[in-house]
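Novice: One structure, pasted below without further comment.
The values are calculated or read from the model by the stated rules, or taken from the named source; none is laboratory data. On a predicted model such as this, the values are computed, not experimentally measured, just so you know. As a convention, Cβ positions derive from the backbone with ideal geometry for all residues, glycine included, and neighbour counts pool all protein chains shown.
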Amino acid sequence: MTFAPVRRLSDGALAAVELQLHGTAGSALESAHEARRAMRLLEQKDRLDTAKAQSAADPSATALARAVPLIVALDAFALDDVLAAHPVDAGQRVVVSVSSRLFIDSPHETMAAISSARDKGFTICLEVGGDDEHALAFLALIEPDLVLTAPDLLRTPLAAEAASTAHALAAHTERSHAVVIAEGVDDEATRAVAETIGADYGIGALYPPQPAEQLVAEQLVALPPHPVWASPDSGPTTPYALATRDNSARRGTKRVLVEMSKALEAQAGAIGASMIAVGTFQHRRHFTERTSARWQALSEAIGFAGIYGAEITPIREGNIHRAPLNPGDPLVDEWTVAILGPHFSALIAAKDLHDNGPDLEHTFDFIQTFDRLTVVQAVRSVLSRFE
């Protein structure tokens, strides 16, 4: 167990301390980042989190937490079980970590875990960079209070990834006032890069672990309070109901809606890995082979693609997820395509009028919106239907 200082990049002032567990010096797991990554790959992160919660109960940790904000980072899925067995001290700040891989593997469960953690007042943290290439896609949906950038990001300052990350972080922090902490601040060069990509604070060899008594003696410039602003919970609803709260619907045929949906899909695909797309297609029979092929290709270009409808066969493959809607769900009467990313959001939500005639001539009342709050709430309203 070590106490890693979290310091303000501009002047080195102490802002917080993170309780870290890692391997021995010189090993492949000598950094907390690599230890965390390895345990996730081995699907044993809960063991690391349990050990971390046990360490947080150590007298030195509880004493330090009374003087300096002490961060105890735990994965979203392990949170309830770990804290039930090993409650942390009231003065310790529990940070609930989410990676894009966690979301892609279990999107609906992850959103439920985040919602539960947020209700308990915990800080939500999204890890970006490194081998987590799709993390930027989830900034807008998860709306983290804290963003942790991977060490690799600081070592490739001219790479397109670093530039994309800088733009995405700027967009998110401007809206939410989230805090960005860079891991791997090992020298002045990486400190400068961390500031360039938008980090406010850093952890790394430039700020080595220190005994608790030395940390307590330092003047503190505490991290801003969390949680920061996030989209309000809309409760059980549908995208169409959300989009028509403040705007009036228009009427159009399914033929037109299909082409408008394709246009949004193309926009998401052109932007790339930082986008997510969610579509509800009423029934499986409407999700044709051509539509399936189009969304499969889309999923390979963006961070996440979710496909939902009655009788849809549940599949999780790569970045694409399919799941069935309950036949009695009001959402079965709606046709929805939503795309969401750090810089762009859009929604088409349509309600079937169930008139007679050829399929493509069916009429819908529909609405378009580019309001980010509405799009975020619409996507969440779909994902919240699944466990």
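Novice: Quick one: how many residues across region 75-118 are farther than 30 Å from I307 by Cα and either under 15 Å from the mean Cα position of the chain (by Cα) or basic (K, R) (or both)? Before you say what the answer is, go through the steps one by one.
Specialist: Restricting attention to region 75-118, the residues satisfying the condition of being farther than 30 Å from I307 by Cα are 81-95.
So of that shortlist, the ones also either under 15 Å from the mean Cα position of the chain (by Cα) or basic (K, R) (or both) come out as 93, 95.
Adding up the residues that qualify gives 2.
Novice: Might you check whether a residue that is under 19 Å from A243 (Cα atoms) and of a type in the set (S, T, N, Q) occurs anywhere in region 320-330? I'd like the intermediate steps shown before the answer.
Specialist: From region 320-330, those under 19 Å from A243 (Cα atoms) are 329-330; that's our starting set.
This time we only want the ones that are of a type in the set (S, T, N, Q), so: none.
No, region 320-330 contains no residue that is under 19 Å from A243 (Cα atoms) and of a type in the set (S, T, N, Q).
Novice: For residues that are of a type outside the set (A, V, I, L, M, F, W, C) and either modelled with pLDDT of 95 or more or in contact with a Ser or Thr (Cβ under 6 Å, 6 or more places away or on another chain) (or both), scanning just region 6-20, find the one that is farthest from V179 (Cα to Cα).
Specialist: Q20
Novice: Of everything in region 307-323, what is surrounded by 20 or more Cβ atoms within 10 Å (Cβ to Cβ) and either among the hydroxyl-bearing types (S, T, Y) or outside any strand (DSSP E or B) (or both)? Give them in sequence order.
Specialist: Y308, N319
Novice: Can I ask one more? Any residue in region 21-29 that is at pLDDT below 80 and among the polar types (S, T, N, Q)? Full working, then the answer.
Specialist: First, pick out the residues of region 21-29 that are at pLDDT below 80: 21-29.
Applying the additional criterion that residues be among the polar types (S, T, N, Q) yields 24, 27.
Checked region 21-29: at least one residue is at pLDDT below 80 and among the polar types (S, T, N, Q).
Novice: Specify which of the listed residues (A160, A51, A150) is surrounded by fewer than 24 Cβ atoms within 10 Å (Cβ to Cβ) and in contact with an Asp or Glu (Cβ under 9 Å, 6 or more places away or on another chain). Explain how you work it out, then say what you get.
Specialist: Numbers: A160 fails: in contact with an Asp or Glu (Cβ under 9 Å, 6 or more places away or on another chain); A51 fails: in contact with an Asp or Glu (Cβ under 9 Å, 6 or more places away or on another chain).
Sole residue among the options that is surrounded by fewer than 24 Cβ atoms within 10 Å (Cβ to Cβ) and in contact with an Asp or Glu (Cβ under 9 Å, 6 or more places away or on another chain): A150.
Novice: List every residue pair whose Cβ atoms lie under 8 Å apart, where the two residues are 6 or more positions apart in sequence or sit on different chains, the first residue falls within region 246-271 and is among the β-branched types (V, I, T), and the second residue, located anywhere, is surrounded by fewer than 16 Cβ atoms within 10 Å (Cβ to Cβ) and part of a helix (DSSP H, G or I).
Specialist: Matching pairs, first to second residue: T253/L360; T253/E361; V258/L360.
Novice: So G198 ticks every box in (1) farther than 21 Å from E133 by Cα; (2) surrounded by fewer than 23 Cβ atoms within 10 Å (Cβ to Cβ); (3) under 21 Å from the mean Cα position of the chain (by Cα) but one. Which box is left unticked?
Specialist: The number of the failed condition is (1).
Novice: Kindly indicate whether any position in region 139-151 is free of Cβ contacts under 8 Å to residues at least 12 places away in the same chain, aliphatic (A, V, I, L, M) and in a loop (DSSP other than H, G, I, E, B).
Specialist: Taking every residue of region 139-151 in turn, none turns out to be free of Cβ contacts under 8 Å to residues at least 12 places away in the same chain, aliphatic (A, V, I, L, M) and in a loop (DSSP other than H, G, I, E, B).
Novice: A follow-up question, please. Among the listed residues A338, A346, A378, identify the single one that is in contact (Cβ under 8 Å) with a residue 12 or more places away in the chain, surrounded by 17 or more Cβ atoms within 10 Å (Cβ to Cβ) and within 13 Å of F281 (Cβ to Cβ).
Specialist: It is A338.
Novice: Looking at region 104-120 only, could you name the residues that are out of contact with any helix residue (DSSP H, G or I) (no Cβ under 8 Å at 6 or more places or on another chain), part of a helix (DSSP H, G or I) and buried (at least 18 other Cβ atoms within 10 Å of the Cβ)?
Specialist: Hits for region 104-120 are I104, R118.
Novice: Among the candidates T369, T313, which residue alone is modelled with pLDDT of 90 or more, hydroxyl-bearing (S, T, Y) and farther than 19 Å from I104 by Cβ?
Specialist: Every option except T369 fails the conditions.
Novice: In region 233-306, which helices (runs of 4 or more DSSP H) lie fully inside it and hold 3 or more residues that are β-branched (V, I, T)? It would help to see each step written out before you state the result.
Specialist: Values: elements: 239-243, 254-271, 289-301.
Hits in region 233-306: 254-271.
Novice: Among the listed residues I181, I203, I197, identify the single one that is touching a residue at least 40 places away in the same chain (Cβ under 8 Å), farther than 27 Å from I271 by Cα and among the aliphatic types (A, V, I, L, M).
Specialist: Just one listed residue meets the conditions, I203.
Novice: Mind checking which pairs have a first residue in region 8-31 that is within 17 Å of G202 (Cβ to Cβ) and among the polar types (S, T, N, Q) and a second that is in a loop (DSSP other than H, G, I, E, B) and at pLDDT 65 or above, Cβ under 7 Å, 6 or more apart or different chains?
Specialist: Pairs found: S31/H22.
Novice: Say we look at region 254-274 and pick out the residues that are touching a Leu at 6+ places or on another chain (Cβ under 9 Å) and modelled with pLDDT of 95 or more; which of these is surrounded by the fewest Cβ atoms within 10 Å (Cβ to Cβ)?
Specialist: Looking at residues that are touching a Leu at 6+ places or on another chain (Cβ under 9 Å) and modelled with pLDDT of 95 or more, I get A266.
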